[in-house]
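Visitor: Structure in structure tokens, see below.
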Amino acid sequence: MLCLVISHPAPARPSTVAADRRAFWGWVAPLEAAGTVRYCYPRLGRGAVALFEVESAEALQGHLTAWAEIIPATFDVYPLVDVAYQRRLIGDATDNRPE
């Protein structure tokens, strides 16, 4: 299950959360290495955007809870559909977009 996650950290002075931000990147690195997080980018200003590949909503919930323990935040979560699956749904195995 692919999910795009956008974080909205709780308001805080940047100087007071610098250590937490370092801890976050240390936490996410092994998830990226394992393929659980396909990518994670910081947002301009505050927050981050990550693409998770997880087995279930419960697994994603566990990761978001761990994330919020490091940096308190709310999250926008967007479940995504794999392109190959979408093509099967519409009965189109090729890319028919004009060049």
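FYI, it's all coordinate maths here, none of it is from the lab. Values in this document were obtained by computation on a predicted structure and should not be read as measured data. Glycine also receives a Cβ, built like all others from the backbone with ideal geometry; neighbour counts cover every protein chain displayed.
Visitor: Could you give me the radius of gyration and the Dmax of the chain, taking only the C-alpha atoms into account and expressing both in angstrom?
Guide: Over the chain's Cα set, Rg and Dmax evaluate to 16.3, 53 Å.
Visitor: Between Ser15, Cys3, Thr74, whose Cα lies farthest towards the positive end of the dipole of segment 2-89 when Lys and Arg beta carbons carry +1 and Asp and Glu beta carbons carry -1, centred on the Cα centre?
Guide: It is Ser15, whose Cα lies furthest towards the positive end.
Visitor: Continuing with this model, one more query. If the only charges are +1 at each Lys and Arg Cβ and -1 at each Asp and Glu Cβ, what is the size of the charge dipole of segment 17-86 around the Cα centre, to the nearest 20 debye?
Guide: Computed charge dipole of segment 17-86: roughly 380 debye.
Visitor: Also, quick follow-up: Pull out the extension gain between Val83 and Ala57, defined as 0.36 nm times the separation in residues minus the alpha carbon to alpha carbon distance; nm, one decimal.
Guide: Length gained, Val83 through Ala57: 7.4 nm.
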